[in-house]
Ligand code: PMP
């Protein structure tokens, strides 16, 4: 495989073994990625011998921790092609989108304005905009998909008007693996004076992201899908946009000066990071970015592309399997087993696979509008990561064959 020259990548992930010490065929990386030892160690050190608060202490340990925390911000900025004062640490992608909706959205979206989303969005890139639309009197439009499950940017072009203030799209779909032509999406949005927010949850772990080259205005992702810890993610926003955004939450660290008469706020990114931040998590995210960049996103992408091609070829040859999504999907394969009244519910498939130590996701994947569009209540989803290999595909195919026998 493409990753062979990086040694035994899988052995660096303690989570890839079952309780009985057998290999675990973990095919749910799109939900959350397993963590390499270097990330676990970085987190343990940050919570252990290095631990102290940031931004306040006058003692050396706190000053060092502040450097490490801000170093993580710099590393994340470099990772996606932004500058460090444009990175806001959030709890994850969900909080990042809610932050943009509650701050930029409340300032810039008014009655009659429009927001363009797509059919395949994750609930976290739908519900915050619905809440904003309800508060402001804005309207939401939904861009359709092409027949193979990509966001149809020709349709988007035809739908966009001067009333559109925001386009918010998944860079990579968490269900179909479809990759957006992000640069074209940015050009289309800007063509009508709208901003583009990209949900990069599934893109950041598998594609080289460069926000400057794309030309988007907001980019969000979660660390836990990028081989880092839960509880932290990032919002990148163009500096002039961040500078004009009102605060999100109030509290310590986000202020310039507080009096009972009037409080002034710190400049970005501190303005958006009220309270003691996720210090150890930021440091572990730094380790995760170092880890994935040492392997290289191009190598990760090639590795996952080969696995997707193999799995799609195998499943595509079975006449009782329906494959969803485009042939060149990034790291993610959604499918259904059986047809009509012989359809096996994905939960049953997932349960039988679990008995063989194969973990897939079965459900609506927080994308119920997409399930409605596909005409199914749920799909089975196998998603790959840098530790995945052909043994996982073999185990999955064996499990599918066993499920077929049970249901025959
Ligand atoms: N968007 C996409 C495309 C996702 O895959 C996910 C996680 N499933 C999210 C948003 C939400 O991320 P989080 O739960 O980490 O905030």
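The values are calculated or read from the model by the stated rules, or taken from the named source; none is laboratory data. Since the structure is predicted, the reported quantities are computational estimates derived from the model, not experimental observations. Neighbour counts run over all protein chains shown; Cβ positions are idealised from the backbone, glycine included.
Tabulated values for the structure
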{"item": "Helices (runs of 4 or more DSSP H) contained in segment 343-408 and holding at least 1 residues modelled with pLDDT under 95 and farther than 23 Å from residue 123 by Cα", "result": "390-407"}
{"item": "Set 223, 203, 189: member being modelled with pLDDT of 95 or more and over 13 Å from the mean Cα position of the chain (by Cα)", "result": "189"}
{"item": "Members of segment 157-185 found to be away from the ligand (no atom under 14 Å from the Cβ) and assigned to a loop (DSSP other than H, G, I, E, B), listed by number", "result": "160, 161, 162, 163, 181"}
{"item": "Qualifying residue in segment 163-172 (condition: out of contact with any strand residue (DSSP E or B) (no Cβ under 9 Å at 6 or more places or on another chain) and at negative phi)", "result": "no"}
{"item": "Residue in segment 71-82 that is without any contact (Cβ under 8 Å) to a residue 40 or more places away in the chain, surrounded by fewer than 20 Cβ atoms within 10 Å (Cβ to Cβ) and closer than 24 Å to residue 234 by Cα present", "result": "yes"}
{"item": "Given (1) away from the ligand (no atom under 16 Å from the Cβ); (2) buried (at least 22 other Cβ atoms within 10 Å of the Cβ), number of the condition residue 154 does not satisfy", "result": "(2)"}
{"item": "Check on residue 106, in a helix (DSSP H, G or I), in the same structural domain as residue 220 (by TED's automatic domain parsing), over 25 Å from residue 226 (Cα atoms) and away from the ligand (no atom under 16 Å from the Cβ)", "result": "yes"}
{"item": "Test for residue 76: is it under 20 Å from residue 241 (Cα atoms), assigned to a helix (DSSP H, G or I) and within 16 Å of the ligand (Cβ to nearest atom)", "result": "yes"}
{"item": "Tabulated pairs, segment 29-43, first in contact (Cβ under 8 Å) with a residue 24 or more places away in the chain, second assigned to a helix (DSSP H, G or I) and within 11 Å of the ligand (Cβ to nearest atom), C-beta under 7 angstrom, 6+ apart or interchain", "result": "32/224; 32/225; 33/224; 33/225"}
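Here is a yes/no grid of residues against (1) assigned to a loop (DSSP other than H, G, I, E, B); (2) not assigned by TED's automatic domain parsing to the domain that holds residue 306:
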| position | (1), (2) |
| --- | --- |
| 20 | yes, no |
| 35 | yes, yes |
| 49 | yes, yes |
| 67 | no, yes |
| 85 | no, yes |
| 96 | no, yes |
